[in-house]
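Let me begin by presenting the structure, written as structure tokens, before commenting on it.
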Protein chains: 2
Amino acid sequence: MATKTEQRRADLRDRLIASAERTITTEGLHALKARALAQDAGCAVGAIYTVFDDLDQLVLTVNARTFRRLGQFVQDRTAMDGTPQDRLVSMGTAYLHFAATNQPGWRALFDLSMTADSPVPDWYLAELGALFAKIADPLRDLFPDWSDARIDLMTRALFSSVHGMVLLGLERRISAVPMDHIERMIAVLLRNVTSE
Amino acid sequence: MATKTEQRRADLRDRLIASAERTITTEGLHALKARALAQDAGCAVGAIYTVFDDLDQLVLTVNARTFRRLGQFVQDRTAMDGTPQDRLVSMGTAYLHFAATNQPGWRALFDLSMTADSPVPDWYLAELGALFAKIADPLRDLFPDWSDARIDLMTRALFSSVHGMVLLGLERRISAVPMDHIERMIAVLLRNVTSE
């Protein structure tokens, strides 16, 4: 059974996550400040660091939740009864729509820089792995004779490719009329990459 | 003939561009500060704004130069005597190597955000267009029956895809061993997307 102190810590942790998530998903990562966060969660600034090592660790926790929502969103919109190509295109399009309608939170997934000295956290790899498994599935149907290593390489290549089209597209780097154009780019690439 | 005042303005402009380029390509966009820039170029802070509307305009000028270097780098490394696929893969690989060895300058190309209220500048569209023409060339050889619109869509899709693989790859978002893995992703995607 949790002691009162443990319970208080768990409550504070939940309030900090909820507050940080609100800020990150509406205003973006840059808007997260310790002072405002503490005020919103009803604690002293120092109390934040009794439940998280630093703000980055709190951001990673929020990012893990965003990643899970993204995975669910993509899964709900995957055309499971279509051809493998249909499934891939529907997943890519779902990724675009999640990013477009959750921009601050989606950006925060990639804005927190990961360098060689700070290893990629396990939860991130786990969430990414779950998303990759969904992409690998239709690829295995399309290329039954490919090795696991080749399927894995193509999975990562396609995820990165769709990410690139969504990222540059939403920033109007490659076209003045984003959404419809990005959808068509995703479709032309994914249908072509997987045509025999 | 240029008057003395015009000549002084042109000299100042050149010194400011050279100084800003040094900072952006070695330390990154975030390191560019008006005070240090003025000191380095030997002028008063206010003098910067007699030749540039604001610092963003100066950054755009530096970015145009970086973009031109990128285009030249890619062109020099394009396997012109290979198959269209070879040409595409060599261009993608060249993009990776330019990005990896010019990270601060390459990032600055995309870090200066372009929003709906600040239209994409003409020089950017011109440089992008020149790069896109190089990509469209082998695609036309591969798909002679495709319309111009479809070639254009695929050109932008492939550029964005390679950009996504390079971006996530260099940040170790999709693999712990970047360079070799990114090269193989680029090759598997480009060879597959363009196989008949």
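The values are calculated or read from the model by the stated rules, or taken from the named source; none is laboratory data. Here the structure is a predicted model, which is why all the values come from computation and not from measurement. Using ideal geometry, Cβ is built from the backbone for each residue, glycine included, and neighbour counts are taken over all protein chains shown. Ligands, DNA and RNA are excluded from the accessible area calculation, which covers all protein heavy atoms including side chains. Shrake-Rupley method; radii C 1.70, N 1.55, O 1.52, S 1.80 Å.
Largest first, the residues A:GLU127, A:GLU183 sort by 1.4 Å accessible area into A:GLU183, A:GLU127. Dipole orientation for the protein assembly as shown: of the candidates A:SER161, B:VAL62, B:SER161, B:VAL62 has the Cα lying most toward the positive pole (charges on Cβ; Lys, Arg +1; Asp, Glu -1). Compute the acute angle (0 to 90°) between the alpha-carbon long axis of helix A:178-193 and the principal axis of greatest extent of the alpha-carbon atoms of chain A; round to the nearest 10°. For helix A:178-193, the angle is close to 60 degrees.
In nanometres and ascending order, the distances from the A:ALA10 label point to those of the other copies are 7.4 (point 7 Å from Cα along Cα→Cβ). List, shortest first and in nm to one decimal, how far the label point of B:THR101 (7 Å from Cα along Cα→Cβ) is from its counterparts in the other copies. When each copy's label point is compared with this one, the spacings are 4.5 nm. Under 5 Å from the amide H of B:GLY82 lies no amide H of any residue 5 or more positions distant or on a separate chain, with H modelled from the backbone and absent for Pro and chain starts. What sits nearest the axis between copies A and B, counting only chain A Cβ atoms, is the residue and whole-Å distance A:GLY164, 1.
The mean count of C-beta atoms from other chains within 10 Å of the C-beta of residues in B:180-188, rounded to a whole number, is 4. Cα extents for the protein assembly as shown along the principal axes, largest to smallest and rounded to whole angstrom: 87, 58, 35.
Axis of helix A:4-26 versus longest Cα principal axis of chain A: the two differ by about 50°, to the nearest ten degrees.
The GluC sites (Glu not before Pro) of the range A:1-31 meeting both criteria, a DSSP state outside H, G, I, E and B (loop) and at most 16 other C-beta atoms within 10 angstrom of the site's C-beta, are A:GLU27. Each residue of the range B:62-79 is assigned a 3J(HN,Hα), and the resulting list reads 5, 4, 4, 5, 4, 4, 5, 4, 4, x, 5, 4, 5, 4, 4, 9, 6, 6 Hz, derived from the Karplus form 6.51 cos²θ - 1.76 cosθ + 1.60 (θ = phi - 60°), x at Gly and Pro.
A straight Cα-to-Cα reach below 16 Å connects A:LYS134 with the aspartates and glutamates A:ASP76, A:ASP81, A:ASP86, A:ASP148, A:ASP152, residues fewer than 8 places away in its own chain not being considered. Peptide B:149-156 is shielded by partner chain Cβ atoms: per residue, an average of 4 of them sit within 10 Å of its Cβ. Tell me the accessible surface of A:PHE132 in square angstrom (1.4 angstrom probe, heavy atoms of protein chains only), to the nearest ten. We get 10 Å² for A:PHE132. The largest accessible area among A:LYS4, A:LYS33, A:LYS134 belongs to the first residue in A:LYS4, A:LYS33, A:LYS134, and the rest follow in falling order (1.4 Å probe, all chains).
Principal-axis analysis of the Cα atoms of chain A puts helix A:148-170 at an angle of about 70° to the longest axis. Helices in chain B, meaning DSSP H runs of at least 4 residues, each add -39500 (n - 2.57). Divided by all residues, the mean residue ellipticity at 222 nm is -25000 deg cm²/dmol. With label points set 7 Å from Cα along Cα→Cβ, the inter-copy distances at B:ALA133 are 4.9 nm, sorted shortest first. For the range A:27-44, putting each phi into the Karplus relation 6.51 cos²θ - 1.76 cosθ + 1.60 with θ = phi - 60° gives couplings of 9, x, 4, 5, 7, 6, 10, 4, 5, 5, 4, 4, 4, 5, 8, x, 9, 6 Hz, in residue order, rounded to whole numbers and with x for Gly and Pro.
Measuring with a 1.4 angstrom probe and ignoring ligands and nucleic acids, A:CYS43 comes out at about 30 Å² accessible. To the nearest 10, the accessible area of B:LEU55 is 40 Å² with a 1.4 Å probe.
Ranked from largest to smallest solvent-accessible area, with a 1.4 Å probe on the protein heavy atoms, A:ARG13, B:ARG87, B:ARG9 come out as B:ARG9, A:ARG13, B:ARG87.
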